[in-house]
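What follows is calculated from the coordinates using simple rules that are stated; it is not laboratory data. The shown structure was predicted, so the numbers you read here are calculated from the model rather than taken from an experiment. In this analysis, Cβ positions are derived from the backbone assuming ideal geometry, glycine residues included, and neighbour counts consider all displayed protein chains.
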């Protein structure tokens, strides 16, 4: 295994470029395949994304709005579903050029990052989106009837999902900083007051809605993730 590792690191530049071309082609192919599948089943995906907005009637306010939003949703869904395969190709390409110590850091970080991103999507879909939409539906319901634009709703829900997935990367960043000895777990724990302040700001920025319930939920999740990152660093004595 060690000999094979060393041989790969000594590949000529032409072979590296050829390998890069093949991996890019494979990644794009996977991405296009998932996009196609998602577009074929776009009605099912749209139905799933509509679930948090129970009882809302959606309107098509412009010609082709549903069609163009369907393409957007299919691209986002295709990207999410194909991302583990794409990241796997990236790992296969960069690993031969890394030392074993670097690989032992990067590989678990990438895998954990993917897992946390999907957990963030699930958290946004199951908790944040219903809380935000419930607030909007109930607020002023005795005055106005909620008839929402199909495009605006999906822009809202997609932004909420992706921003939450990105926010869930906080423990990965902490662990990397701790392993590189830039910040220790004790340093991070001493900044807990600032963390509460900044988690509130981040929650307000990342949530596309302005209701306090959604912001509190996301800010609380960010704070818990921050503490989880500190706990992991404590366990590995960093």
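Against the longest alpha carbon principal axis of the chain, how many degrees, from 0 to 90 and to the nearest 10, is the axis of helix 65-94 turned?
It is inclined by approximately 20 degrees.
Can you tell me the orientation of helix 13-40 relative to the chain, as the angle in degrees between its alpha-carbon axis and the longest Cα principal axis, to the nearest 10?
20 degrees
List 73, 144, 107 from most exposed to least, where exposure is judged by having the fewest other Cβ atoms within 10 Å.
With the fewest neighbours first, 73, 144, 107 line up as 144, 107, 73.
Running a GNM on the chain with Cα contacts under 10 Å, which residue among 161, 116, 61 ends up with the highest mean-square fluctuation?
In the Gaussian network model the winner is 61.
Between residue 56 and residue 99, 0.36 nm times their residue separation minus their Cα-Cα distance comes to what?
Value of the extension gain: 10.1 nm.
Given contacts defined as C-alpha pairs under 8 Å and at least six residues apart, what's the relative contact order of the chain, whole-number percent?
Relative contact order comes out at 22 percent.
For the stretch 110-127 and the stretch 28-84, what is the separation of their C-alpha centers, rounded to whole Å?
Each part reduced to its Cα centre gives a spacing of 19 Å.
Applying 1/(1 + (r/R0)^6) with R0 = 45 Å to the Cβ-Cβ distance of residue 197 and residue 21, what FRET efficiency is obtained, to the nearest 0.05?
With R0 = 45 Å, the Cβ-Cβ based efficiency is 0.40.
In degrees between 0 and 90, to the nearest 10, how far off the longest principal axis of the chain does helix 100-123 point, with axes built from Cα atoms?
Tilt relative to the chain: about 10 degrees.
Does the stretch 30-152 classify as rounded, prolate or oblate by the C-alpha gyration tensor (a ≥ b ≥ c root eigenvalues; a/c under 1.5 gives rounded; else a/b over b/c gives prolate, otherwise oblate)?
Verdict is oblate for the stretch 30-152.
For the chain, with a Gaussian network of springs between Cα atoms less than 10 Å apart, report the residue from 130, 52, 63 with the top mean-square fluctuation.
63
With each run of n ≥ 4 DSSP H residues scored as -39500 (n - 2.57), what mean residue ellipticity at 222 nm is computed for the chain after dividing by its residue count and rounding to the nearest 500 deg cm²/dmol?
Roughly -25500 deg cm²/dmol at 222 nm, from the helical runs in the chain.
When a/c is below 1.5 the answer is rounded, else prolate if a/b is larger than b/c, else oblate, so apply that to the stretch 27-71 with a ≥ b ≥ c taken from the square roots of the Cα gyration tensor eigenvalues.
Because a/c hits 1.5 or more and a/b fails to exceed b/c, the stretch 27-71 counts as oblate.
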